[in-house]
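Read through the structure below, which is laid out as structure tokens, and then see the notes.
Derivation of every value follows stated rules applied to the coordinates shown; laboratory data play no part. Computed from a prediction, not measured in an experiment: that's the story for all the values here. Here Cβ is always computed from backbone atoms with ideal geometry, including for glycine, and neighbour counts include all displayed protein chains.
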Amino acid sequence: MNSPPHTVPPPPKNLWFHGLIMLILVLLVNLAQTVLGICAILQFFWMLFTNERNAGIAWFGQGIAHWLAVTARFLTGESDERPFPWTSWSGPHTD
């Protein structure tokens with residue numbers, strides 16, 4: 001199975017500022033993981049007592065998952081696209 005060659009963008013022009021943004025995002029990733037854990041616990045109890053999923057919690061979880069994915073690409077240098085709060089909150093995509 002051959003995959004196309006992966007291209008890595010060149011280093012950012014202002015590396016120190018980029019590093020500062022990375023530091024802030026690492027802190028926000030930890031906060032997002034905590035919020036995601038709270039959402040998981042809330043969803044569990046919601047399903048336990050109502051026998052159905054809470055669509056709002058599920059939608060919010062998809063938004064956090066999308067933000068974490070965009071942020072991980074930025075932090076690992078795969079993309080220069082800055083995630084929220086430097087761009088608008090795109091939320092989960094609907095198919």
- How much length is gained if the chain between Ala65 and Glu52 is pulled fully straight, taking 0.36 nm per residue apart and subtracting their Cα-Cα distance, in nm to one decimal? 2.6 nm
- Query: In percent, how large is the relative contact order of the chain, given Cα pairs closer than 8 Å and 6 or more residues apart?
  - Reply: 30
- Within the chain, what's the longest run with no chymotrypsin sites (Phe, Trp or Tyr not before Pro) in a DSSP loop and at most 15 other beta-carbon atoms within 10 Å? Give the range, please. 1-85
- Looks like the range 26-95, by Cα gyration tensor root eigenvalues a ≥ b ≥ c and the a/c under 1.5 rounded cutoff (else prolate when a/b is bigger than b/c, oblate otherwise), is prolate
- Query: Stretch Glu81-Val26 to full length: gain in nm at 0.36 nm per residue minus the Cα-Cα span?
  - Reply: 18.3 nm
